[in-house]
Amino acid sequence: MLKMTHLSKVYRTEVVETYALRDFNIDVKEGEFVAVTGPSGSGKTTFLTIAGLLETFTGGTYHLDGIEVSRLDDNARSKIRNEKIGFIFQAFNLIPDLNVYDNVEVPLRYRGMKGPERKQRIMDALERVGLASRAKHYPAELSGGQQQRVAIARALAGSPRLLLADEPTGNLDTQMARGVMELLEEIHREGATIVMVTHDPELAARAQRNVHIIDGQVVDLGEDPRFHAHAARAVDA
Amino acid sequence: MNVQIQPILAALKRHKAGTLLIAMQIALTLAIVCNATFIIRERLARVARPTGMVETHLLTVQNRFVGTGATSSEPLVKADLATLRQIPGVVDATAINSYPLRGGGWSMGVQTDPDARKAITAATLYFADDHAVATMGLKLIAGRNFRADEISWQDAQKVEAPGEIIVSKALADKVFPDGHALGRTVYIMGNARPSTIIGVVERLQTPWSGTFADNFMEHSVLLPIQLTGAFGSYLVRTEPGRLDALLKTVPAQLMKTNRMRVLRDDTGVRSFAEVREAAYKTDRGMALLMTVVCVVLLAITAAGIVGLTSFWVGQRRRQIGVRRALGATRSDILGYFLTENLLIGLAGVVVGTAMAVGLNLWMVTHFEMHRLSMVYVAVGVVALLLIGQGAVLAPALRASRVSPVEATRSV
């Protein structure tokens, strides 16, 4: 589903070259729930932005759902983001001027989907996250947990092949975070492929597999139970 | 490009102040610019009206004899005309009480029934001689010119209507709508004596450039009468290319003939071009002022749109990034801002159209303006919408270049 091979991302200024990712390899299979962990500045977010086609990379290859994405132009990348990827951001990133219904509708409109189908998908997605009754509310009228649920509904509405979550519970209190995490687990059980970047070892522990990034490189500890303790130490450090 | 009107409207509802401000600005600009353009066009049309004369080869002389009794000017005028007509480069010259665009003259009612209480129309009276038609370069389209023996010298205080007159076609058509004016008689100057129309010239304007003569702008009568008196005008027709030189020769020769006169430096001897320039100075000034007002207004409106859109783009950078992350292409983002502006613009021009018509109606009642042609409003609407789209283009392009990675930046 998501395969990066010898991928690198270099930020160049006049004086220095900084490797955000170096010889980065990862292979996420269809239906997997992978947590990507690592200390601040390790390259987690860079990995996520490249995986989500929000940013280009410098070297190596990246196959998403069988497509080599490095040669795609901006429009093709927009189309893939729209059709294959669902984003869940730490800051929810709902559009404040639009109500819940219109927010969920945004990616569907960019897909050029017809009205009745859009409506069906929006209502299904909102049902799925338990917020169908809040369709006419504006983001500011919802709690953080509800806003993140709307964002998840927005990500799900387009039936993406891959869900990318960036610290999805980072801005939530424990109870709301638990609710959101349970929702993600449910979605995974229903067959979705999820890649989640997180600081939180407890959250990471609930994923199927953990990928640890240090200094822009992957330390894949697989499903080895010893990893969790290691990851926790690494994050604490 | 996916154009999304409904969500754009929904978002605009949350930004009422800015939206209303720009829409009102567009509406006001449309109302003012439409009416101003209409006034400009009216003024320019007024300025462009032809006098019927060969203006490029005409010199005007405004003369005042000093130390001469009002009734004794006949030999002096005859001497001046003889002098003028023999100057090399002069085609012909005439003595006339006034001429088009001079600003002052003699107007009277014209009627076909001497007992009628109300004249058919007003007309200007030009007291001229048999050289007037040739000097002014008027086009005689029917009948004949005056003969030398028909010219009489009369005191301005007690003028007798002449037996023969030449009229402009506009006057002929007004008084005799059947088109047969030649040989018919009319009563002018409230006189009981009829005058027979012996000639019709294609066009001859009255001396007034303002709105006073708007209803009889081309109603002119040439009378074979020379008025005695200290004041008088001469028109001098020159050969092509000789006008500039004659501007110096003519006053010199006139002074040589008779020093007992005043030729003012500013208005004494002028080319007709200068006369036209002076006559329409206010109109051209008004047209220029209105043009400046229009340009400034349009510039302010465009600047307002650029300002507001730039502000909104800055404010929505993250939102634009999110939209890009969710699959919006660059042209989707560009289209979003263009559509948003178009919607505001449409609201503005709808209100503006009503305001333009209202403003015009108000001016029609208070300032004798004409009714505004809807063509001006239509052109104004299209122009303002285009200006709006042009103004929004730069900030919208900037918005379309916002990277999708903006969505992941922390707040």
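General observations
- Highlighted here are the helices (runs of 4 or more DSSP H) found entirely within segment B:1-106 that include at least 2 residues which are open to solvent by less than 50 Å² (accessible area, probe 1.4 Å) and modelled with pLDDT of 90 or more: B:16-48, B:74-86.
- Between B:LEU125, B:LEU171, B:LEU182, the distinction of being surrounded by 15 or more Cβ atoms within 10 Å (Cβ to Cβ) and assigned to a loop (DSSP other than H, G, I, E, B) belongs to B:LEU182 only.
- Within segment B:22-74, considering residues that are basic (Lys, Arg) and under 23 Å from the mean Cα position of the chain (by Cα), the one farthest from B:ALA273 (Cα to Cα): B:ARG41
- Taking segment A:106-154 as the range and being buried (at least 17 other Cβ atoms within 10 Å of the Cβ), without any contact (Cβ under 8 Å) to a residue 24 or more places away in the chain and over 23 Å from A:ALA177 (Cα atoms) as the test, the residues that pass are A:ARG109, A:MET113, A:ARG118.
- A:ALA35 meets each of the listed conditions (1) more than 12 Å from chain B (Cβ to nearest Cβ); (2) open to solvent by 10 Å² or more (accessible area, probe 1.4 Å) apart from (2).
- Subset of segment A:57-105 (residues that are small (Gly, Ala, Ser) and within 12 Å of chain B (Cβ to nearest Cβ)): A:ALA76, A:SER78, A:GLY86, A:ALA91
- Residue pairs whose Cβ atoms lie under 9 Å apart, separated by 6 or more positions or on different chains, with the first residue in segment A:67-79 and of a type in the set (Ser, Thr, Tyr) and the second in a helix (DSSP H, G or I), are A:SER78/A:TYR110; A:SER78/B:ARG324; A:SER78/B:ARG330; A:SER78/B:ASP332; A:SER78/B:PRO404.
- Any hit, segment B:2-21, residues being closer than 19 Å to B:VAL296 by Cβ and not acidic (Asp, Glu): yes
- Single residue of B:ALA299, B:ALA303 found to be in a helix (DSSP H, G or I), touching a residue at least 60 places away in the same chain (Cβ under 8 Å) and among the small types (Gly, Ala, Ser): B:ALA303
- A:LYS114 more than 8 Å from chain B (Cβ to nearest Cβ), of a type in the set (D, E, K, R), under 30 Å from B:LYS13 (Cβ atoms) and out of contact with any Lys or Arg (no Cβ under 8 Å at 6 or more places or on another chain): yes
- Picking from residues in segment A:38-56 that are under 17 Å from A:THR5 (Cβ atoms) and under 13 Å from the mean Cα position of the chain (by Cα), the one that is nearest to the other protein chains (Cβ to nearest Cβ) is A:LEU53.
- Pair list, Cβ < 9 Å and 6+ apart or interchain, from segment B:387-399 residues that are open to solvent by 50 Å² or more (accessible area, probe 1.4 Å) to residues that are among the aromatic types (Phe, Trp, Tyr) and at pLDDT below 95: B:LEU393/B:PHE337; B:LEU397/B:PHE337
- Test: residue in segment B:324-337 that is open to solvent by less than 10 Å² (accessible area, probe 1.4 Å), at pLDDT 90 or above, touching a Pro at 6+ places or on another chain (Cβ under 8 Å) and small (Gly, Ala, Ser): yes
- Unmet criterion (only one of (1) among the hydrophobic types (A, V, I, L, M, F, W, C); (2) surrounded by fewer than 21 Cβ atoms within 10 Å (Cβ to Cβ); (3) at pLDDT 95 or above) for B:ILE151: (3)
The values are calculated or read from the model by the stated rules, or taken from the named source; none is laboratory data. These figures come from a predicted structure and were not determined experimentally. Neighbour counts run over all protein chains shown; Cβ positions are idealised from the backbone, glycine included. For the accessible areas, the whole protein counts, side chains as well, though only heavy atoms, and no ligand, DNA or RNA atoms are used. Shrake-Rupley method; radii C 1.70, N 1.55, O 1.52, S 1.80 Å.
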